[in-house]
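Below is one structure; the comments refer to it alone.
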Amino acid sequence: MSSYQVVPMVYNSKEQINAIILLEQQCKQLDSVHLKADLDHISKKDGDHALLCYRDGKLVGLLSWYASDTITGNINAIVHPQYRRQGVFSNLLNRAILDMKPQGINQLSYRVPQGLSPGIHTAQSLRAIYDRAEYSMQLVNEALEVAEPSELTLSVAKDEDMEFMVTCSSQAFGDSEEWTRNYFMQTNEPSRVNYIAWQDQTPVGLVRINSINATTSFIHNFCISPDYQGRKIGRTALRILVNLLREQSYTDIRLSVVTENERALNLYRSVGFEVNSEYHYFNGSV
């Protein structure tokens, strides 16, 4: 009986990329849920870590991960439907854990597409606990023009803006300032740009952009300081940001939002975003 071979992905390997695309297509044909390998994230330099599992020279599984802070590894995986329950995911996960442990990672977050029962069963078998559900959204419509106060502007954050970023984000999302500061340091990379929203020369909000490639950008950590919420500043800042990204030639603009956050969901829809998929997240330990 042939065994599995697990190898690290080489981000610019055309052979591996073509094999991943084929695996996605095979899963789409055989699954009711469209599994995504997040190829944009794993095929760029300094992108997410990825491991590939082969059997008899055929790619049958993939696991990618990235650290959002100093202790949590965020995991996404796809396994060919005909090779599930045969140890593919276990082989990939065990190898990933070997890579994570030296970095101090001891917590795991598994992402499972809504409706994928094998993924849910796998997370539960690993004693992972359900954490949240998120919608993945994509800009599909040009929003109607909104009244934009001339005093509201966006500018690229500078080093001296770090303390505002930490305070604004921790207050908006409920994380500790220590965790938030570590998170910003952990995700400080060339592909990310931080913007500060200013009104009357006062910083009032924050938004981060992750440039996946020349045409795709991901909006995240969008927040308005609690003292300035409820004044339609968020909608105005988001509209300015979308126009800015369009000017920078981004044609695929995405973001994620927790499904229970109806206020944010309505805000994003008002600017032209629509839900294209839903994911459930489960937390476990190494």
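The values are calculated or read from the model by the stated rules, or taken from the named source; none is laboratory data. A quick note: this is a predicted structure, and the numbers were derived from the prediction, not measured. Backbone-built Cβ (ideal geometry, glycine too); neighbour counts: all protein chains shown. Remember, those area values only see protein heavy atoms, side chains included, never the ligands or the DNA or RNA. Shrake-Rupley method; radii C 1.70, N 1.55, O 1.52, S 1.80 Å.
Assorted remarks:
- Picking from residues in the range 192-242 that are assigned to a loop (DSSP other than H, G, I, E, B) and in contact with an Asp or Glu (Cβ under 7 Å, 6 or more places away or on another chain), the one that is most open to solvent (accessible area, probe 1.4 Å) is D200.
- Within the range 230-258, being closer than 23 Å to D40 by Cβ and touching a residue at least 40 places away in the same chain (Cβ under 8 Å) holds for L241, V242, L244, D252, I253, R254, L255, S256, V257, V258.
- Inter-residue pairs, beta-carbon under 9 Å, first on the phi > 0 side of the Ramachandran plot and in the range 183-209, second among the acidic types (D, E) and open to solvent by 10 Å² or more (accessible area, probe 1.4 Å), 6+ apart: D200/E151; Q201/E151
- Of all residue pairs spaced 6 or more apart or on separate chains, those with beta-carbon atoms under 6 Å, a first member in the range 110-121 that is more than 13 Å from G284 (Cβ to Cβ) and a second member that is of a type in the set (D, E) and at pLDDT 90 or above are Q114/E278.
- Counted residues, the range 1-25 - those being touching a strand residue (DSSP E or B) at 6+ places or on another chain (Cβ under 9 Å) and under 12 Å from L39 (Cβ atoms): 8
- Only one of Y83, Y66, Y54, Y130 that is under 21 Å from I212 (Cα atoms), open to solvent by 20 Å² or more (accessible area, probe 1.4 Å) and of a type in the set (F, W, Y): Y66
- Condition check for N18: outside any loop (DSSP other than H, G, I, E, B) and exposed (fewer than 13 other Cβ atoms within 10 Å of the Cβ): yes
- Candidate set from the range 63-98 (those that are assigned to a strand (DSSP E or B) and β-branched (V, I, T)); member that is nearest to T180 (Cα to Cα): T72
- Of all residues in the range 133-166 being under 19 Å from R231 (Cα atoms) and either of a type in the set (V, I, T) or at pLDDT 90 or above (or both), the one that is most open to solvent (accessible area, probe 1.4 Å): T153
- Complete set of residues in the range 250-279 that are open to solvent by less than 20 Å² (accessible area, probe 1.4 Å) and small (G, A, S): A264, G272
- Residue check, K101 touching a residue at least 24 places away in the same chain (Cβ under 8 Å), surrounded by fewer than 17 Cβ atoms within 10 Å (Cβ to Cβ) and not in a helix (DSSP H, G or I): no
- Residue check, I253 at pLDDT 90 or above and over 29 Å from S32 (Cβ atoms): no
- Matching entry among V60, V6 (being outside any helix (DSSP H, G or I), open to solvent by 30 Å² or more (accessible area, probe 1.4 Å), touching a residue at least 40 places away in the same chain (Cβ under 8 Å) and over 26 Å from S217 (Cβ atoms)): V6
- Within the range 34-57, being outside any loop (DSSP other than H, G, I, E, B) and not small (G, A, S) holds for L39, D40, H41, I42, H49, L51, L52, C53, Y54, R55.
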